[in-house]
Amino acid sequence: MCGIVGSINHNNIVPDLLAGLSNIEYRGYDSAGIAVIDNDGLTTIKRPGKLEQLKQELANQALRSHTGIGHTRWATHGCPNEANAHPHSNDDVSVVHNGIIENYLQLRQWLTAEGFRFQSDTDTEVIPHLISLFLEQGQAPQQALNTALQHLEGAFAIGVLFRKEQDHLYAARRGSPLVLGQSDQGLCLGSDTMALAPGIDRILYLDEGEQACMTRDSFQLLDLNGRAIKRDMQAYTSQQDDQSKQNHKFYMHKEIHQQSDTVRNTFKHTQHLLPELPVDFTRLDRINIIACGTSHYAAMVAKYWFEQIARIPVDIDVASEFRYRSPLLSRNGLSIFISQSGETADTLAALRYTKALGQKTLSIVNVAQSTIARESDFSLQTQAGPEIGVASTKAFTAQLAILASLAIHAADRCKAIQIQESNRLLMEIAALPSLIDMTLELEPHFQLIGESIKDSHNAFFIGRGSNFPLALEGALKLKEISYLHAEGFGAGELKHGPIALIESGVPVFVIAPNDGLLEKTLSNMEEVMARGGRCIVLGDHHSCGNLPLEVESITLPACDKVFAPIIYAIALQLIAYHAALAIGTDVDQPRNLAKSVTVE
Ligand code: AGP
């Protein structure tokens, strides 16, 4: 989703702005721009489409400055064109903005009546004009910004330049994250740490409602009411090395192939932390797990684990729906929030809602300093490293590694299973990385299947038990990156309606490990075949060993049935990847999607 960069330092900051924007391309965007300030005033350059368009434009200009802001926009109000791209500037003020200004229509009416002319359809453009209004009334820049902030409703993060203040860069945060960075060269601003200028070794996350005023050498923080507050930067080591594609065509492919390491590291890390986790599972009578998208499917898998292994009842919610159903939360309950980015607006809103009801909260995130991590009572971090591909892969299996460990830990504490069984399950998790490697070696088979469905109009995924959510995830992965229509179903549910969609040759992926439900899953497969569907079974040697000859299958390594979703996820990711590659889509930045969904 939208991304913010900003920089103020002793050198020319234009290359830093572009480097920051490149690093946050992964968030998903449809236009990009920068604004800089120098003796001639504010210069704003923006282009619709990919960052490359902006870079080409800038290559024709000798733009140099010590102070600037930049933005990648993911359209909400107004289509992706040049006028709607950020920064939004008037003669005196330039603004980049993430989030949504909910009262922008009223503000626009007011500012229009005051004589301001709007060039765009965005909610953002009210901000520079509002600030200018207060400048015209004689307020100093900092005060004008502060007054303008009092009039804004909604969630936002902004970076601001003033024509008359060449040596200042301003920022404010309410609801959307912003981080400051510092190096010996100067200060910078980003919507996440990847947006920060190269070489920074200190960072500071703005807290809710805070503002920052930066010069080349220092910064000042202000609270919601404009009062100065003191907080120091923390030491920071950049993870720039992780950001290359190495020998992979797309980040998604690299990330799929990292999963034996990321699952191993996450499991080890979690095992180390669990004894210290301040949750008394013996007193819990219910767990709520709340998340969006792929993280929600991880939650669905975890429901099977917590209920079957630890015998603790679990409710699962899509975060965007959670608050609006007025959920009845148990007094002795725990709410778990899963989010790769740790910034998803719906998940964050659900976390705040739950906390306000007095419930204990635990988050599982991939970004340690994210808002969800910082605002939850406890947080466990997946050790997946930065996930750049918009489609989540390694973060998903790392979430599952944490959730599996947590379910076994809860079962231990509640004495729901014998110690021998818990040790056996832990050994099974420890063996997963080598099974993941074996599954990755099957890539040529997944490639053939993926390529073979590139002209299909529909594809379906079916599974039972904890592989039902995996069917949903397989379908999501395929539609996200290949744009093929795909749906996942509980295998037994097919005949209650979706089977009407089965016609000759339509691919149906049957997730069928030997898990005690195999016979029933294979019966559902027969129902599909009887109607001409093309079944592709993903199973182990047992399930694939006795299939009718006409059924295509790929034999995955045998694994404990409990943890099969982790292994089968790899197969589904590679099938989706190769289908997308054959179709020729932009796998890492699929159309319309954003990595970090920071609006509701
Ligand atoms: C996954 O492939 C998707 N891009 C998306 O569904 C994602 O999982 C969802 O937006 C939740 O994001 P989060 O984990 O960062 O909260």
(request) Could you please report the charge total around PRO590, scoring K, R as +1 and D, E as -1 over all other residues with beta-carbon less than 13 angstrom from its beta-carbon? (result) 0
(request) Please report how far the C-alpha centroid of the stretch 562-599 lies from that of the stretch 106-149, rounded to the nearest whole angstrom. (result) 42 Å
(message) From Cα pairs below 8 angstrom and at least 6 apart in sequence, can you work out the relative contact order of the stretch 418-558, rounded to a whole percent?
(response) 20 percent
(request) Calculate how many DSSP beta bridges within the chain are antiparallel, expressed in % of all such bridges and rounded to the nearest 5. (result) 60 percent
(request) Taking a cut-off of 26 Å between Cα atoms, list the lysines near LYS415, but don't count ones fewer than 8 places away on the same chain. (result) LYS268, LYS303, LYS360, LYS561
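About the Cα centre of the stretch 269-366, what is the dipole size in debye to 20, counting +1 per Lys and Arg Cβ and -1 per Asp and Glu Cβ, all else neutral?
260 debye
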(request) Please give the contour-minus-distance gain from GLU57 to ARG531: 0.36 nm per residue of separation, less the Cα-Cα distance, rounded to one decimal in nm. (result) 165.1 nm
(message) Is there a quick way to get the dipole size of the chain? I mean about its Cα centre, with the Cβ of Lys and Arg at +1 and of Asp and Glu at -1; what is the value in debye to the nearest 20?
(response) 760 debye
(message) Restricting to DSSP loop positions (anything but H, G, I, E, B) with no more than 10 other Cβ atoms inside 10 Å of their own Cβ, which trypsin sites (Lys or Arg not before Pro) remain in the stretch 114-180?
(response) ARG117
(request) Round to the nearest 0.05 the FRET efficiency obtained for HIS77 and TYR483 when R0 = 25 Å and r is the Cβ-Cβ distance. (result) 0.50
(message) To make sure I understand, if each residue's beta carbon is the centre and we count other beta carbons within 10 Å, what order do ASP38, ASP455, ASP515 fall in, fewest to most?
(response) ASP455, ASP38, ASP515
(request) Just subtract the alpha-carbon distance of ASN12 and ARG64 from 0.36 nm times their residue separation and send over the number in nm, one decimal. (result) 18.2 nm
(request) For a quick protection proxy, order the peptides 377-385, 222-230, 344-352 by their average other-Cβ count within 10 Å, most packed first. (result) 344-352, 377-385, 222-230
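Using a Förster distance of 30 angstrom, determine the FRET efficiency expected from the C-beta separation of HIS151 and GLN220, and round it to 0.05.
Given R0 = 30 Å and the Cβ-Cβ separation, E is 0.85.
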(request) For LYS55, list the lysines whose Cα falls under 29 Å from its own Cα; do not include residues on the same chain fewer than 8 positions away. (result) LYS46, LYS164, LYS245, LYS249, LYS254, LYS595
(message) With a cut-off of 8 Å between alpha carbons and a minimum separation of six or more residues, what is the relative contact order of the stretch 171-327 in percent?
(response) 13 percent
(request) Give the distance, in whole Å, between the Cα centre of the stretch 450-487 and the Cα centre of the stretch 215-293. (result) 29 Å
(message) Which of rounded, prolate or oblate describes the stretch 1-143 when judged by the alpha-carbon gyration tensor and an a/c cut-off of 1.5?
(response) oblate
(message) Can you tally the net charge around GLU136? Count Lys and Arg as +1, Asp and Glu as -1, for every other residue whose Cβ sits under 12 Å from the Cβ of GLU136.
(response) -3
(message) Whole-Hz ³J(HN,Hα) for each residue in the stretch 38-45, computed from phi via Karplus 6.51 cos²θ - 1.76 cosθ + 1.60 with θ = phi - 60°, x for glycine and proline: what do you get?
(response) 8, 4, 7, x, 8, 10, 10, 10
(request) Please sort 75-82, 330-337 by packing, taking for each peptide the average over its residues of neighbouring beta carbons within 10 angstrom, highest first. (result) 330-337, 75-82
(request) Would you mind counting up the charge near LYS495? Only other residues with Cβ under 15 Å from its Cβ, with Lys and Arg at +1 and Asp and Glu at -1. (result) -1
(request) Report, in debye and to the nearest 20, how large the dipole of the stretch 238-325 comes out about its Cα centre when Lys and Arg carry +1 and Asp and Glu carry -1 on their Cβ. (result) 180 debye
(request) Give the cross-link partners of LYS495 among the lysines, using a straight C-alpha distance below 23 Å as the criterion and excluding same-chain residues fewer than 8 apart. (result) LYS479, LYS520
(request) With an 8 Å cut-off on Cα pairs and a minimum separation of 6 or more residues, tell me the relative contact order of the chain in percent. (result) 13 percent
(request) Determine the gain in length on full extension of the stretch HIS541-ASN332; use 0.36 nm per residue of separation and subtract their C-alpha separation, reporting nm with one decimal. (result) 70.9 nm
(request) Taking the dipole about the Cα centre of the chain, with the C-beta of Lys and Arg at +1 and of Asp and Glu at -1, give me whichever of GLY154, ALA411, ALA32 is farthest to the positive side. (result) ALA411
(request) Using per-residue counts of other Cβ atoms within 10 Å, averaged over each peptide, order 166-172, 108-114 from highest down. (result) 166-172, 108-114
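Where a number appears in this text, it was derived from the coordinates with a stated rule and is not lab data. Remember, predicted model here, so these are calculated numbers, not experimental data. We place every Cβ from the backbone using ideal geometry, glycine too, and count neighbours over all the protein chains shown.
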